[in-house]
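For reference, the structure is listed below as structure tokens.
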Amino acid sequence: MSEHQNNTDRDAFARSVTALTPDDIPQKNPKKRSTADYLFNHIRVMLLLICGAILVWSLGYIFDTLKQYDRTDQLYDGLGDMIANGLGVEGMFASPSSPTTPDYDASQKLSGEDIEQIGKPSEPVNKEFERMRNILLGLKSKYPDLYGWIVLPGTVINYPVMQSTDNDYYLDHAYNGDRLAAGAIYVDYHCKKDLWSNYNLVVYGHHMTNGTMFNSLDKFFNESFFRTNNTVYFYTLDGMFTYEVFSFYETNMYYPYIRTIFPNYSTFKEFSEEMRDNSIFEVEGLTFGDAERMLTLSTCNNRTDEGRLAVHAILVDAYLAPS
């Protein structure tokens, strides 16, 4: 092809491009969005909103939980220290009776023998009981629902024990009445006020994930702990009571391990033997006499809503307050 022909073709192409109008250029039709596309986008937006709401709720829940843990520590740590540190026994004994007319003139007439007799307790003094009794009296004057105090060495269980007119109030209230997710340690409302009058004293506590309240009952899954840290101390205004753990197992809320009412001792004895046989660890040679008393500790197992952990302890020693 000659050079002249090439130039002619290029000029013709240039003139054709220059002469093009917008109508001569084919338009690309936009792709129509289907109903499925609209639905997908709508669902995606909704999921993003839901995820955002869940994230906000989760952060709020975590923050509130941490606040609850901190509040629990503030409320209970001080009380535990009060018991652990002893407070001393000076000035903690029951006060002797005062003269019937304690005015100045009457007091001047008292002989040394009278004063010695006034200051002498009528019964031998148990210093540990008097120390605990005065602590409990001080607490009960502020918190009338106080039942006693429980201590399980080797754990954080060192708490006041409450009792209400139902088993719901102290699920989410502290001993002082404050709203608290950890609640309080409390006695079943079916139990009698006098500890000694109960065949089976049932005590509840939450299984808190931060290790407080009755979370420490998990330690009984360890056989060594079960056999060596098995003493529970319970103090009331009526006396001091020492229990030894003889049974630990997992159960559910429908199993009657928290039974508190028995028509006679024989029925209670059968119940005790059943609780003993439930234990994941055996206490050899354990038999029940004719006047046994039991302490039952109950908490959730934190795996299912209905799951429970049960600890049973038998009363091995008691000091009853002088009447």
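Test each condition in (1) in contact with a Ser or Thr (Cβ under 6 Å, 6 or more places away or on another chain); (2) modelled with pLDDT of 95 or more; (3) closer than 16 Å to residue 160 by Cβ for residue 212 and report the one that comes out false.
(2)
State all residues of the range 159-184 that are crowded, with 20+ Cβ neighbours inside 10 Å and in contact with a helix residue (DSSP H, G or I) (Cβ under 7 Å, 6 or more places away or on another chain); if no residue qualifies, say none.
The answer is 159, 160, 162, 174, 180, 182, 183, 184.
Give the residues of the range 206-220 that are open to solvent by less than 30 Å² (accessible area, probe 1.4 Å), farther than 10 Å from residue 155 by Cβ and touching a strand residue (DSSP E or B) at 6+ places or on another chain (Cβ under 6 Å), sorted by residue number.
207
When only residues in the range 221-277 that are among the polar types (S, T, N, Q) and part of a loop (DSSP other than H, G, I, E, B) count, which is surrounded by the fewest Cβ atoms within 10 Å (Cβ to Cβ)? Write out each step before concluding.
First, the residues of the range 221-277 that are among the polar types (S, T, N, Q): 222, 224, 228-231, 236, 242, 247, 251-252, 260, 264, 266-267, 272.
Retained after the next criterion (residues that are part of a loop (DSSP other than H, G, I, E, B)): 222, 229-230, 260, 264.
On the way: 222: 12, 229: 17, 230: 19, 260: 17, 264: 8.
The qualifying residue surrounded by the fewest Cβ atoms within 10 Å (Cβ to Cβ) is 264.
Among the residues of the range 280-306, which ones are surrounded by 14 or more Cβ atoms within 10 Å (Cβ to Cβ) and on the phi > 0 side of the Ramachandran plot?
If we filter the range 280-306 for residues that are surrounded by 14 or more Cβ atoms within 10 Å (Cβ to Cβ), which is where we start, we get 281, 283, 286, 288, 292-302.
The answer is 302, and nothing else.
The values are calculated or read from the model by the stated rules, or taken from the named source; none is laboratory data. Just so it is clear, the structure is predicted and the values come from calculations on it, not from any experiment. Cβ coordinates were reconstructed from backbone atoms using ideal geometry, including for glycine residues, and neighbour counts include every protein chain displayed. Ligands, DNA and RNA are stripped out before the accessible areas are found, and what is left, the full protein with its side chains, is counted by its heavy atoms. Shrake-Rupley method; radii C 1.70, N 1.55, O 1.52, S 1.80 Å.
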